[in-house]
Amino acid sequence: MKAPTLILVAGISGSGKSSFVQNLAQHFGEDQSIVLSLDHYYRDLTHLLEEEREHQDFDQPEAWEQARLVRDLHDLKAGREIDMPIYNFETHLRMPNSERIQPKKYLIAEGIFALCYPALNALADLKVFVQLDEKVALQRRIDRDTAERGRSEASVIEQFTKTVQPGNRRYILPSAKNADLIISGDLSASEQLSLFSKHQNASLNY
């Protein structure tokens, strides 16, 4: 049996990574692909008080538990199931339960730091970077975090100014150099998939 194909998708927060990977998974077929949100690999901050957790810098690669992430994706590529952690973004804590993930033909792993780790890049069969202007991405982040993560608009803007934007410019935007394909987050789903297909039609054989 051929080993699963690992596709890494990175980009700044709000660039449209999640929408792209969901469309990509539908393109491959739900029975053939699975999407992994790598944000669930943020380190557990149980040892910190709630106020201390609120002031942590989540916009540097060290915020993710790299060793477990690489180990889990290595196991999936080897055809072994994993127990992926579940992260609560409101409390900045890992949930006591995990999610059992079965390997499929296509493993689509997305997150802001997806292209920041050499060990993870080495596992990937294809690396994609979703590119978008920071101002547009900020507005998308405000809309998402106020609706889904219990945040106020002021707190989202404050975090963006203090840690997100510096993290974008120091780590995430430079990681685009590791990508095999750069796709604009402003494009429609069909345009993005067309670019992806043209780039990988031969090597992924679909």
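The values are calculated or read from the model by the stated rules, or taken from the named source; none is laboratory data. Here the structure is a predicted model, which means the values were calculated and not measured. Please note: Cβ atoms are built from the backbone with ideal geometry, for glycine as well, and neighbour counts cover all protein chains shown. These area figures cover heavy atoms from the full protein model, side chains too; ligands, DNA and RNA do not enter into them. Shrake-Rupley method; radii C 1.70, N 1.55, O 1.52, S 1.80 Å.
Remark: spin-label model distance Gln32-Arg170 equals 4.2 nm, labels positioned 7 Å along the Cα→Cβ axis. Expressed to the nearest 5 percent, the antiparallel share of DSSP beta bridges inside the chain is 30 percent.
For Lys162, a cut-off of 19 angstrom between C-alpha atoms picks up these lysines, skipping any fewer than 8 places away in its own chain: Lys135. Helix 66-77 and the longest principal axis of the Cα set of the chain meet at an angle near 20°. Only residues of the stretch 20-54 count here: report those whose backbone N is under 14 Å from the spot 7 Å along Cα→Cβ of Ser190, or say none. In the stretch 20-54, the label zone of Ser190 (backbone N under 14 Å from the point 7 Å along Cα→Cβ) covers no residue. Near Ile182, the amide H atoms lying under 5 Å from its own belong to Phe129; only residues 5 or more places off or on other chains count, and H is placed 1.01 Å from N. Distant-in-sequence amide contacts of Val9, defined by a placed amide H-H separation under 5 Å and a gap of 5 or more residues or a different chain, comprise Ala109, Glu110, Gly111, Val128. Mind jotting down the distance between the C-alpha centroids of the stretch 1-31 and the stretch 46-76, whole Å? Using only Cα atoms to place each centre, the spacing works out to 22 Å. Our estimate of slack between Lys162 and Lys198, defined as 0.36 nm per intervening residue step minus the Cα-Cα distance, is 9.1 nm. Sorting 21-31, 164-174 by average packing, meaning the other beta carbons within 10 Å per residue, from highest down gives 164-174, 21-31.
For helix 17-28, report the angle its Cα long axis makes with the longest principal axis of the Cα atoms of the chain; keep it between 0 and 90° and round to the nearest 10°. Helix 17-28 and the main axis of the chain meet at about 20 degrees.
Taking the longest Cα principal axis of the chain as reference, the axis of helix 189-204 is set at about 50 degrees. By the rule of a C-alpha distance below 12 Å, with chain neighbours fewer than 8 residues away ignored, the aspartates and glutamates paired with Lys77 are Asp125. Largest accessible area first, the listed residues Lys17, Lys198 line up as Lys198, Lys17 when surface is computed with a 1.4 Å probe on the assembled protein chains. Mean-square fluctuation check for the chain, GNM, Cα pairs under 10 Å: which of Ala114, Ala63, Ala147 is largest? Maximum fluctuation in the GNM of the chain, among the listed residues, is at Ala147. When the solvent-accessible area of the stretch 72-206 is split by element, carbon and sulfur atoms take up 50 percent of it, the probe being 1.4 Å. Taking the chain as a Gaussian network of alpha-carbon nodes connected by springs under 10 Å, the highest mean-square fluctuation of the residues His92, His47, His74 belongs to His47.
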